[in-house]
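Participant: If you scroll down you'll find the structure; I have some questions about it.
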Amino acid sequence: MLRLIALSTPFALALGLLVAPAQEKKPAEKAPPPAAAKPAAEMPHGIRAWHVQLELGPKFDPKVPPTSQPGFEDHVKNMQGLAGEGTLLLGGPMFEGADSEKMIGGVMIVKAKDEKALREKFANDPFFASGVMKIGSVHPMMVGVGAWMPKEKEAAGH
């Protein structure tokens, strides 16, 4: 019988069948909110951002390289300005294949307080205003890891 109890004790512990002696109850403390409930600015694991999928607009000419589309030079200047101010974290065209020059759309990772602010930032860009490109989809995301992310000290302003 002793042998049966000794052998069954680990299984009973694993199943929670053995009850520990009653402990003195402490007053209930208010639990901190879960990490997901924190405002975006307080997220400790990364930069809150938006993934923007770009599509070719009705004015995109597939017979012409992306660099020869109308408004390209001003589009590049605008994108560089948005990158310089910290709004555009990453952006560029997407191609049909690794060896192809055929543009099929684009992608951007954008830092903005909300989707409305994001769309306002890009509304006057020559490519979007003229219909060469258009915003296809916008999804919130968190940039949590990546070789291009600032180092912790740099991100904290040290």
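Participant: Could you tell me which of the pairs K63/K111; K59/K111; K59/K113; K59/K121 are separated by over 23 angstrom between their Cα atoms in the structure shown?
Facilitator: On the way: K63/K111 33 Å; K59/K111 27 Å; K59/K113 30 Å; K59/K121 20 Å.
Long pairs (Cα-Cα over 23 Å): K63/K111; K59/K111; K59/K113.
Participant: Give me the dipole magnitude in Debye, nearest 20, for region 41-155 about the Cα centre, with unit charges on the beta carbon: positive for Lys and Arg, negative for Asp and Glu.
Facilitator: I would put it at about 200 debye.
Participant: Starting at 0 and stepping by 5 Å, how many percent of the alpha carbon pairs of region 54-126 end up in each bin?
Facilitator: Whole-percent P(r) values from 0 Å outward: 3, 14, 23, 27, 18, 11, 4, 0.
Participant: Sticking with this one: Ranked by Cβ crowding within 10 angstrom, fewest neighbours first, how are T87, T67 ordered?
Facilitator: T67, T87
Participant: Continuing with the same structure: What order do you get for H51, H75 when you list them from fewest to most C-beta neighbours inside 10 Å?
Facilitator: Ranked by crowding around the Cβ, least crowded first: H51, H75.
Here, each number is a calculation from the coordinates, and none is a lab measurement. These numbers come from a predicted model, not from an experiment. When we count neighbours, we look across all protein chains shown, and the Cβ atoms used for this are built from the backbone with ideal geometry, even at glycine.
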